[in-house]
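Below is one structure, written out as structure tokens; comments come after it.
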Amino acid sequence: MRAFIRRRRTQGGKTSDFRLPGFAVVLLLSIVPWQPVRAGADGADGALAAEQGVAAFRAGDYPTALRSFLDALRAGLDTPGLRYDLGVTYYRLGRYAEAEREFQALVSDPKWTPLARYNLGLTAQRAGRPQQAIQYFEQAYRATSDPNLRALAATALERLGGAPPSPETSAVVSLAGGYDSNATLSPDAATVGVSHQGDRFVEALAAASHRLAGNTAHGWVAHGSLVLRKYGDLSQFDVTGLRAGLSHERDSGRVQTGVGAYFDTAYIGRDRLEQVASVDAQASSRLDAGGELRGRYQFRRIAGGGGFEYLDGRQQRLSADAGFTLASALLRAGYQLELNHRRDLQQGSEFLSVSPTRHSLFASVALRNGAWQADARGEYRVSRYGDPNLIDAGPPLGILGVTRSDRRYGFALRADRRLAAPWRLFIDYSYYRNESNLDYDYSRHQLMAGIEAPLEK
């Protein structure tokens, strides 16, 4: 079953009424149109020099444009528009330090802040500082209310492997259908068990997050989600999952952190499988050249439902992964450690451990080509259970003690395509196989296709 919780950062920050002229909306820097001002003799000389600089710039004569703009500045015409045009001209001449100086001088002017930060991003990118460029593009995206500039910032972030900050409220809804070759009581099939029966299913998902307080740099975010899966014949395996949570998230540009508390409930058929109270702490750090390091710790307190009391206990997960871009692909590789301390199952003289220690290695790749996006993930996991299982083998062997050991491997593939906004078409396929020294071998494959719509406000 799909993971139905999707964390989305929220967007905040100031806005501006500044609008880009149509001709200035390009992927490279352009000057803004010159507007004459009332001035004395010196001011008139400066305005004339500035107009000559604009004409030279448009003709592609950047050295002449720079001399004219500097003449206008020396004539006393020190305006934000002139500073901006100076920065653009320095950029065109490859003099990035001077361009950055001029754009930085405009950051404190609310009217010019978004455009200045966007062009600072272009300058940092051209100067070979992609991580700083990502920060500037994110700041421009947050600060502007101009849809043209926001689209440019989002495109620049995508090309550098970043993503635009999500809005204050975000949600996703989806509806899908598919086939499951081995319906299970839980995504953790190795612990709870499998049916060894296949069936068709339909699945609906809804998830949302909303920033309650603060802004994108630091704020409180509420989360909620619901997932429903209905099987055609195996109704006893129908799944209902609910989640509610609250997290505090910080984003300093280079480092993002989040700490949250969540409450999950899962039902199988009409019976409660488990309730989980968890704490989730995450951190990520962007590296130069579009790389990223991520770490995560989860502590979960689990209460099994009627008939599943042996699941009571606690679980801890610690994971780390590294991501980097290669051409148009985003590659990730990581490791996860999982520790379980459960009640386990005692039935007469027999004992079943459901408290494994697990080590997982995983890798993924994401590709984007126009309206299409494809993702692939592979995983290898080894599990060793804490206490030996006690099995009544009957006479003359009696009670045997065997420590369970499993290894699981598999992969998941996904492709999706943009349709008319906001809809996307997707198809998922996954295959996993578990091999055990006891009688817990199984394999499972799922195929699912559907539509989804991300919603933002």
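The values are calculated or read from the model by the stated rules, or taken from the named source; none is laboratory data. As the structure is a computational prediction, the values presented were derived from the model and not from experiment. Reconstructed Cβ throughout: ideal geometry from the backbone, glycine too, with neighbour counts over all protein chains shown. What goes into the accessible areas is simple: the full protein's heavy atoms, side chains included, and nothing from ligands, DNA or RNA. Shrake-Rupley method; radii C 1.70, N 1.55, O 1.52, S 1.80 Å.
Figure legend. Inter-residue proximity from the range 384-395: first residues without any contact (Cβ under 8 Å) to a residue 40 or more places away in the chain, second residues among the charged types (D, E, K, R) and open to solvent by less than 50 Å² (accessible area, probe 1.4 Å), beta-carbon distance below 6 Å, spacing 6+ or different chains. Indicated pairs: Y385/R404.
Condition first: farther than 19 Å from F57 by Cβ and either crowded, with 24+ Cβ neighbours inside 10 Å or touching a residue at least 40 places away in the same chain (Cβ under 8 Å) (or both). Now tell me which residues in the range 93-132 satisfy that. Passing the criteria: P110, K111, T113, P114, R117, L120, G121, R129, P130, Q131. Counting just the residues of the range 378-401 that are among the β-branched types (V, I, T) and surrounded by 13 or more Cβ atoms within 10 Å (Cβ to Cβ), which one comes out nearest to the chain's Cα centre (by Cα)? The residue in question is V382. When A171, A183 are checked against the criterion of being open to solvent by less than 10 Å² (accessible area, probe 1.4 Å) and of a type in the set (A, V, I, L, M, F, W, C), A183 stands alone in meeting it. Within the range 422-440, the set of residues being of a type in the set (D, E) and more than 18 Å from G198 (Cβ to Cβ) comprises E435, D439.
Residues checked against (1) surrounded by fewer than 18 Cβ atoms within 10 Å (Cβ to Cβ); (2) at pLDDT 90 or above; (3) out of contact with any strand residue (DSSP E or B) (no Cβ under 8 Å at 6 or more places or on another chain):
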{"residue": "R300", "(1), (2), (3)": "no, yes, no"}
{"residue": "E309", "(1), (2), (3)": "yes, yes, yes"}
{"residue": "Q316", "(1), (2), (3)": "yes, yes, no"}
{"residue": "A320", "(1), (2), (3)": "yes, yes, no"}
{"residue": "L326", "(1), (2), (3)": "yes, no, yes"}
{"residue": "R342", "(1), (2), (3)": "no, yes, no"}
{"residue": "S349", "(1), (2), (3)": "yes, no, no"}
{"residue": "H359", "(1), (2), (3)": "yes, yes, no"}
{"residue": "W372", "(1), (2), (3)": "yes, no, no"}
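Of L438, L425, L413, all but one fail to be within 30 Å of Y335 (Cβ to Cβ), open to solvent by 70 Å² or more (accessible area, probe 1.4 Å) and in contact with an Asp or Glu (Cβ under 9 Å, 6 or more places away or on another chain); the exception is L413.
With R19, R2, R83 as the choices, which residue is at pLDDT 50 or above and among the basic types (K, R)? Break it down into steps so the answer makes sense when it comes.
Details: R19 fails: at pLDDT 50 or above; R2 fails: at pLDDT 50 or above.
After ruling out the rest, the residue left standing is R83.
Take the range 241-262 and flag every residue that is among the β-branched types (V, I, T) and touching a residue at least 24 places away in the same chain (Cβ under 8 Å). Answer for the range 241-262, where residues must be among the β-branched types (V, I, T) and touching a residue at least 24 places away in the same chain (Cβ under 8 Å): V255, T257.
From the list R270, R294, R332, the lone residue that is in contact (Cβ under 8 Å) with a residue 40 or more places away in the chain and either surrounded by fewer than 18 Cβ atoms within 10 Å (Cβ to Cβ) or closer than 28 Å to G128 by Cα (or both) is R294. Quick one: in the range 245-260, of everything that is of a type in the set (G, A, S) and surrounded by 14 or more Cβ atoms within 10 Å (Cβ to Cβ), which residue is farthest from L234 (Cα to Cα)? Among them, the one singled out is G253. Residue under question is R286, and the condition is that it be touching a strand residue (DSSP E or B) at 6+ places or on another chain (Cβ under 6 Å), at pLDDT below 90 and over 28 Å from G224 (Cβ atoms); does it hold? Considered against the rule, which asks whether it is touching a strand residue (DSSP E or B) at 6+ places or on another chain (Cβ under 6 Å), at pLDDT below 90 and over 28 Å from G224 (Cβ atoms), R286 comes out as yes. Within the set L318, L287, L293, L311, the sole residue that is in contact with a helix residue (DSSP H, G or I) (Cβ under 9 Å, 6 or more places away or on another chain) and either among the aromatic types (F, W, Y) or more than 18 Å from G241 (Cα to Cα) (or both) turns out to be L287.
Tell me which residues, restricted to the range 273-287, are touching a Lys or Arg at 6+ places or on another chain (Cβ under 6 Å) and open to solvent by 30 Å² or more (accessible area, probe 1.4 Å). Result: A277, Q282.
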